[in-house]
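Student: Mind having a look at this structure? Questions to follow.
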Amino acid sequence: MGDSRMRCRKCGRPAAINMRRHKLALCDECYPDWFRGQVERTIRQFGMLAPDDKVLVAVSGGKDSLSVWDVLLRLGYHAEGMYIDLGIPDGGYSTESKVRALRFAEARGATCHVVSVRDRYGLSVPELALRRGRIRKVCSLCGLVKRHIMNRFAREGGFSVLVTGHNLDDEAAVLMQNTLTWQPGYLARQFPVLPADDEGLVRKVKPLCLMYEREVAAYALVCGIDYIQDECPHAIGARTLFYKEILNQLEQRSPGAKAYFFAQFVRAKQSGSIQFAEGGERALHACEQCGQPTTAPGLCAFCRLWQSDAPTGQDEDEA
Amino acid sequence: MVVVRYRGKQYELKAGMTARDAILKLGLDPEAVLVLRNGKLVDDSVILEDGDEITLVAVVSGG
């Protein structure tokens, strides 16, 4: 049978990935360089990182965080990883993902810090959710816990910037959700760079925010990055997945639709042509207990989570 | 026959179709999966041949 396969535009070998939004097919040898170049361009475009930054990468053992860490190391940044052990027992999910993060670091001579939620605070995330009666909302609780620990660890460790592996599909799904429900506060805060705050929020950046999830997975596969492919058991049925599915349907009909949706939002914010009021008082101050920045009076949402009788807010702090 | 694996399940499909056709036949979204043929990443225009071992890798995660 003749080989009618699509060919790499750069070298003519059989293509490993065809990116319809770019009208570009590349082979497994040319693709990693192209991908790293795109990420480097995003870093420059938004002024995300300086050469002397001390970078902390939040790693989950998944494709996005390990890929962004890989790219940053190859670009020469001083990037250490931090894995948060959430204590998710289902199918050994946390154990498996931790092993992958540690193996990745070891193979590259990089440092991966591990913070165990249970060791440090006494309960795993699923146990905490059970205690707080938020079994159906584990993802939002988990997000709050992770944001708190990431910021605290970065701050205490003297890191100048915190990197997360959010890709374009993540950003577009959040944007779609917050647009369909008109959440001006969330829309005001969504951006590839979240600046540091005098009260203690560490600068946060998302170097993969213009890369499709599919492109990130392809990078991990062709670079031989061993990542956990199983979905977090608590994410099954999550709303984010629903919005991603809708966006992928749009993408099928109109290649580039996802990128256009998010990139135009970012451009409009940059130019000032759209503005959102955050709504209410957003002044940050130090939590009375942990010292982390919060908009809530008294204790931050994270500290309240661990008090058995206190009501829990979900998103009022630690943007 | 071509063996196609996806999320722990195994399917047998006839050779001669493209990987994209196979993805659609299984009711999956081509935007949401990548194709490994005999362990190597290939674009989905590849025509499946007898004896091929195909793994479809889900790329979407969320939560």
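Student: Just for segment A:147-183: of the residues that are assigned to a loop (DSSP other than H, G, I, E, B) and of a type outside the set (G, A, S), which one is farthest from A:K244 (Cα to Cα)? Lay out the reasoning, then the answer.
Tutor: Residues of segment A:147-183 that are assigned to a loop (DSSP other than H, G, I, E, B), as a first pass: A:157-160, A:164-167, A:181-183.
Keeping just the survivors that are of a type outside the set (G, A, S) gives A:159, A:164, A:166-167, A:181-183.
Working: A:F159: 32, A:T164: 19, A:H166: 13, A:N167: 12, A:T181: 16, A:W182: 18, A:Q183: 18 Å.
Checking each candidate, the answer is A:F159.
Per-residue answers, yes or no, for (1) touching a Ser or Thr at 6+ places or on another chain (Cβ under 8 Å); (2) at the interface with chain A (Cβ under 10 Å from one of its Cβ atoms); (3) in a loop (DSSP other than H, G, I, E, B); (4) buried (at least 16 other Cβ atoms within 10 Å of the Cβ):
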site	(1), (2), (3), (4)
B:V3	no, no, no, no
B:E12	no, no, no, no
B:E31	no, yes, no, yes
B:L36	yes, yes, no, yes
B:S45	yes, yes, yes, yes
B:L56	no, no, no, yes
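Student: With the requirement that a residue be in contact (Cβ under 8 Å) with a residue 12 or more places away in the chain and within 11 Å of chain A (Cβ to nearest Cβ), what does segment B:15-29 give you? Outline the logic, then answer.
Tutor: So in segment B:15-29, the residues in contact (Cβ under 8 Å) with a residue 12 or more places away in the chain come out as B:15-20, B:22-23, B:25-26, B:28.
If the condition is that a residue be in contact (Cβ under 8 Å) with a residue 12 or more places away in the chain and within 11 Å of chain A (Cβ to nearest Cβ), then B:A15, B:G16, B:T18, B:A19, B:R20, B:L28 are the ones that fit.
Student: Just to check your reading of the model, which residue among A:E213, A:E199 is surrounded by fewer than 18 Cβ atoms within 10 Å (Cβ to Cβ) and touching a residue at least 40 places away in the same chain (Cβ under 8 Å)?
Tutor: On the way: A:E213 fails: surrounded by fewer than 18 Cβ atoms within 10 Å (Cβ to Cβ).
So the residue among A:E213, A:E199 that is surrounded by fewer than 18 Cβ atoms within 10 Å (Cβ to Cβ) and touching a residue at least 40 places away in the same chain (Cβ under 8 Å) is A:E199.
Student: Starting from segment A:8-26, keep only residues that are more than 20 Å from B:A32 (Cβ to Cβ), then list their pairs with residues that are part of a strand (DSSP E or B) and basic (K, R) whose Cβ atoms are within a distance under 8 Å, requiring at least 6 positions of separation or different chains.
Tutor: From residues that are more than 20 Å from B:A32 (Cβ to Cβ), the pairs are A:R13/A:R7; A:P14/A:R7.
Student: What tally of residues in segment A:1-19 results from selecting those that are at pLDDT 95 or above, more than 8 Å from chain B (Cβ to nearest Cβ) and in a loop (DSSP other than H, G, I, E, B)?
Tutor: 6
Student: Taking only segment A:201-221 into account, find how many residues are in a loop (DSSP other than H, G, I, E, B), out of contact with any strand residue (DSSP E or B) (no Cβ under 7 Å at 6 or more places or on another chain) and either of a type in the set (V, I, T) or facing chain B (nearest Cβ under 9 Å) (or both).
Tutor: Taking segment A:201-221 first, the residues in a loop (DSSP other than H, G, I, E, B) are A:201-202, A:206-212.
The next check asks that each one be out of contact with any strand residue (DSSP E or B) (no Cβ under 7 Å at 6 or more places or on another chain); those that pass are A:206, A:208-212.
Filter again for either of a type in the set (V, I, T) or facing chain B (nearest Cβ under 9 Å) (or both), leaving A:212.
Counting residues in segment A:201-221 that are in a loop (DSSP other than H, G, I, E, B), out of contact with any strand residue (DSSP E or B) (no Cβ under 7 Å at 6 or more places or on another chain) and either of a type in the set (V, I, T) or facing chain B (nearest Cβ under 9 Å) (or both) gives 1.
The values are calculated or read from the model by the stated rules, or taken from the named source; none is laboratory data. On a predicted model such as this, the values are computed, not experimentally measured, just so you know. Please note: Cβ atoms are built from the backbone with ideal geometry, for glycine as well, and neighbour counts cover all protein chains shown.
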